[in-house]
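Accompanying notes for the structure given below.
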Amino acid sequence: MKKSFSFPIIFMVVITAFFTFILAFLNYSTADKIAFNQELELNKKLLYIFDIESLSEEPEDIHQAFMDNIGSISFEGEDLYVYYGDNEQILGYAVPINGSGLWGSIEGYVGVSADYSKILGLEFISHSETPGLGGRISEDWYKEQFRGIDLTKTTDGNYIIYKPLAGGNVDAIAGATLTSKSVSKLLNEDLEEFMKKGVNK
Amino acid sequence: MKGDSPKKIFKMGLWEDNPVLVQIIGICSALAVTNLMLNSLIMGVGLIFVTALSSFTVSILRNYTPKHIRMMVQVLIIAAYVIIVDIFLKAYMPEMSKALGPYVGLIITNCIIMGRAEAYAQKNPPIPSFLDGVASGLGYTLVLLVIAFIRELLGFGTIFGIQVLGEWWTPWTIMIMPPAAFFILAVVIWITKTIQEKEKDNKKGQVANL
């Protein structure tokens, strides 16, 4: 092949345009599907926090359960997801939590009962912890431990304490000390902030 | 120009020239994802897909690509396929996409893909290149699964998340931590090398006897 100056440039431009076009097309044609998946994911997670069963795992049933039980109210200029029981009575709040983990930020929600007395449930929306180690924070056995933790006994803002420390209420993850610590830190901080402000206090 | 026979390609990729065991490339991800078998399997399938198709594409374009910009072209092709995998997982297998997280993007940096593009696809026709990609990817996947099997079994007492060892089993926490990956990978390489050396000796012996 003869050495030319312009051919490599034209070749690169053409091939880049070609692949960019394919990717753009794929991205465009799946955008709705991905957005739908993400919304469904959020619905599922909020249902999990409040321990609400949907009729089945079908998208329609999950969406229906979400519409029936969960709504949002405006709180400090942002939407706050709340759990409505029968008669439009508020049973709990999904408090957004976020902070830094070991590798990146951890985001999620923690469900707090309407009388601020206990944790209803915990779920993470996104994190980038090591799969199999810190990533195990999104496994059920870890998250289930948080259900029903009493928030009234603590006065110094340490709601989550790992066993075997005094007053410990949750098991940390073996091999992921730093991630476990990050989770308890961000939970304690964000819970404390929410408890101080409160929605109707 | 005719390429190598599929049998030879697979023998090279899986055993004689196994990317992880013999060429010692793709080690970073082999160490990172092998604490659970499921993670290893998905990573392997993703890698097979990307290596096969990028080798195929590189091979089609090999006679038109100016030599001095070939690496740029290869990276572009690899990146495009990885993004396709990522979009596909997000749209149709959101659970998988979540489980793999950042590792999908990291397939781009796996040395095996570019290694095969440079070493094989650049010089061979599309179909053998495609097979070569599949073979190398399979070789990588199998090694990962072997390491993950040992680590998950001893570290969690499970295989693919299913409990196989009973309550009496005390999990070896070291197995799910990075150091264990180094030990086990080294032991696996050691065993392979020993077997391969023996095979070589045997062959030499046969030739001598003739």
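The values are calculated or read from the model by the stated rules, or taken from the named source; none is laboratory data. Keep in mind that what you see is a predicted model, and the values were worked out from it rather than measured. We place every Cβ from the backbone using ideal geometry, glycine too, and count neighbours over all the protein chains shown. Please note that ligands, DNA and RNA were not included when accessible areas were found on the heavy atoms of the full protein model with its side chains. Shrake-Rupley method; radii C 1.70, N 1.55, O 1.52, S 1.80 Å.
Surface listing: B:GLU167, A:GLU144 arranged by accessible area from highest to lowest gives B:GLU167, A:GLU144, probe 1.4 Å.
Centre-to-centre, using Cα atoms only, segment B:159-210 and segment A:105-119 are separated by 46 Å. Using a probe of 1.4 Å, the accessible surface attributed to B:VAL45 totals some 90 Å² when neighbouring protein chains are kept in position. In terms of its alpha-carbon gyration tensor, segment B:6-98 comes out oblate; a/c meets the 1.5 threshold, while b/c is at least as large as a/b. Counting only C-alpha contacts under 8 Å and six or more residues apart, can you give the relative contact order of segment A:70-197 as a whole percent? It rounds to 19 percent for segment A:70-197. In terms of accessible area, using a 1.4 Å probe and ignoring ligands and nucleic acids, A:GLU88, A:GLU39, B:GLU152 rank largest first as A:GLU88, A:GLU39, B:GLU152. Cross-link partners of B:LYS200 among aspartates and glutamates, defined as those whose alpha carbon lies under 14 angstrom from its own and excluding same-chain residues fewer than eight positions apart: B:GLU16, B:ASP17.
Surface calculation, 1.4 Å probe, protein heavy atoms: B:CYS28 sits at approximately 100 Å² accessible. Note on A:PHE25/B:VAL187: beta-carbon distance plugged into 1/(1 + (r/R0)^6) with R0 of 41 Å gives a FRET efficiency of 0.30. When you count the other C-beta atoms within 10 angstrom of each residue and take the mean per peptide, A:9-19, B:176-186 line up highest first as B:176-186, A:9-19.
Spatially, segment B:13-40 and segment A:1-66 are offset by 28 Å when compared through their Cα centroids. In segment A:6-21, the residues whose accessible area drops by at least 30 square angstrom when the other protein chains are added to the isolated chain are A:PRO8, A:PHE11, A:MET12, A:ILE15, A:PHE19; the probe is 1.4 Å and only protein heavy atoms count. Interface size, chains A and B: roughly 2500 Å² of accessible area buried, both sides included, 1.4 Å probe, rounded to the nearest 100.
Dividing the summed -39500 (n - 2.57) terms of all DSSP H runs of n ≥ 4 by the residue count of the protein assembly as shown sets its mean residue ellipticity at 222 nm at -18000 deg cm²/dmol. The distance from the alpha carbon centre of segment A:130-175 to that of segment B:64-116 is 37 Å, rounded to a whole number. For B:MET175, the solvent-accessible surface computed with a 1.4 Å probe is close to 20 Å², ligands and nucleic acids excluded.
Filter A:LYS33/A:LYS143; A:LYS45/A:LYS196; A:LYS143/A:LYS181; B:LYS123/B:LYS203 down to the pairs with a C-alpha to C-alpha distance above 19 Å, please. Where the Cα-Cα span goes over 19 Å, the pairs concerned are A:LYS33/A:LYS143; A:LYS45/A:LYS196; B:LYS123/B:LYS203.
Accessible area per residue for segment B:6-208 is 48 Å², calculated with a 1.4 Å probe on protein heavy atoms, without ligands, DNA or RNA. A Förster radius of 41 Å combined with the Cβ-Cβ distance from B:CYS28 to A:TYR84 puts the calculated FRET efficiency at roughly 0.25. Which FRET efficiency value, to the nearest 0.05, do you get for A:ASP32 and B:ASP201 by plugging their Cβ-Cβ distance into 1/(1 + (r/R0)^6) with R0 = 56 Å? Efficiency computed from Cβ-Cβ geometry: 0.35. Long hydrophobic helices in chain B, taken as whole DSSP H segments with a C-alpha length of 30 Å or more on their own axis and mean Kyte-Doolittle hydropathy at least 1.6: B:37-61, B:70-92.
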